[in-house]
1. Could you grab the pairs with beta carbons closer than 6 Å, sequence gap of 6+ or different chains, first residue in segment 4-26 and part of a strand (DSSP E or B), second one of a type in the set (S, T, N, Q) and crowded, with 16+ Cβ neighbours inside 10 Å?
2. Does ALA135 satisfy the criteria of being small (Gly, Ala, Ser), surrounded by 13 or more Cβ atoms within 10 Å (Cβ to Cβ) and not in a strand (DSSP E or B)?
3. Looking at ALA69, is it farther than 21 Å from VAL131 by Cβ and touching a Gly at 6+ places or on another chain (Cβ under 9 Å)?
4. With the requirement that a residue be of a type in the set (A, V, I, L, M, F, W, C) and surrounded by 21 or more Cβ atoms within 10 Å (Cβ to Cβ), what does segment 82-102 give you?
5. Could you check ALA106 against (1) part of a loop (DSSP other than H, G, I, E, B); (2) farther than 19 Å from ALA37 by Cα; (3) of a type outside the set (D, E, K, R) and say which number it fails?
6. Would you mind telling me which numbered condition in (1) more than 16 Å from the chain's Cα centre (by Cα); (2) surrounded by 15 or more Cβ atoms within 10 Å (Cβ to Cβ); (3) among the hydroxyl-bearing types (Ser, Thr, Tyr) TYR153 fails?
7. Looking only at residues in segment 105-116 that are in contact (Cβ under 8 Å) with a residue 60 or more places away in the chain and of a type outside the set (D, E, K, R), which one is surrounded by the fewest Cβ atoms within 10 Å (Cβ to Cβ)?
8. If we keep just the residues of segment 1-26 that are out of contact with any Asp or Glu (no Cβ under 9 Å at 6 or more places or on another chain) and of a type in the set (Val, Ile, Thr), which is nearest to THR101 (Cα to Cα)?
Amino acid sequence: MEQPIRIGNGYDVHALAFGLPLWIGGIRIEHNKGLMAHSDGDVLIHALCDALFGALALGDIGQHFPDNAPEFRGIDSKILLQRCMQQVTEKGYRVGNVDCTILAQAPRLRPHIGRMQETLAPILGVEPDAVSIKATTTERLGFTGREEGIAVYATALLFHV
């Protein structure tokens, strides 16, 4: 029996390194560091994929898009999110809303959140106001506070259609 509502949580983290492009929420952000990863390193999209897979009890992003598979080297994470959404649709669900929290000391992300929402909403099949993205620092505490990496928590609510 299909459940009418499902919720999933996701978490991802990537280390920062000089000289790499910084992709968060499907957009490129100018910064002196970028995220190290097999793909483009979009930590927000990766956490979001985990939340969607989690809501459907389909495992995690690493099971679906292994970080040692050549076909995913340097891939645009928006493509991964599209593939994730295909599975959501195939299972008979649609996104109600998502809520993401980015933990990063730098760069300042508030000015970019609207573009992130506009970029992710069509892929998720929702309006931008159903894509909540918040950014916070950790007051210079921990690896995010020392600007060694960026972490994201994500939650997704799915409805059976």
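The values are calculated or read from the model by the stated rules, or taken from the named source; none is laboratory data. Bear in mind that the values here come from a model prediction, so they are computed numbers and not experimental data. Note that each Cβ is placed from the backbone with ideal geometry, even for glycine, and that neighbours are counted across all protein chains shown. These area figures cover heavy atoms from the full protein model, side chains too; ligands, DNA and RNA do not enter into them. Shrake-Rupley method; radii C 1.70, N 1.55, O 1.52, S 1.80 Å.
1. ASN9/THR155
2. Spelling it out, it is not the case that ALA135 is small (Gly, Ala, Ser), surrounded by 13 or more Cβ atoms within 10 Å (Cβ to Cβ) and not in a strand (DSSP E or B).
3. no
4. Of everything in segment 82-102, those that are of a type in the set (A, V, I, L, M, F, W, C) and surrounded by 21 or more Cβ atoms within 10 Å (Cβ to Cβ) turn out to be CYS84, VAL88, VAL95, VAL98, CYS100, ILE102.
5. For ALA106, the exception is condition (2).
6. Among (1) more than 16 Å from the chain's Cα centre (by Cα); (2) surrounded by 15 or more Cβ atoms within 10 Å (Cβ to Cβ); (3) among the hydroxyl-bearing types (Ser, Thr, Tyr), the lone unmet condition for TYR153 is (1).
7. ALA106
8. Of everything passing the filter in segment 1-26, VAL13 is nearest to THR101 (Cα to Cα).
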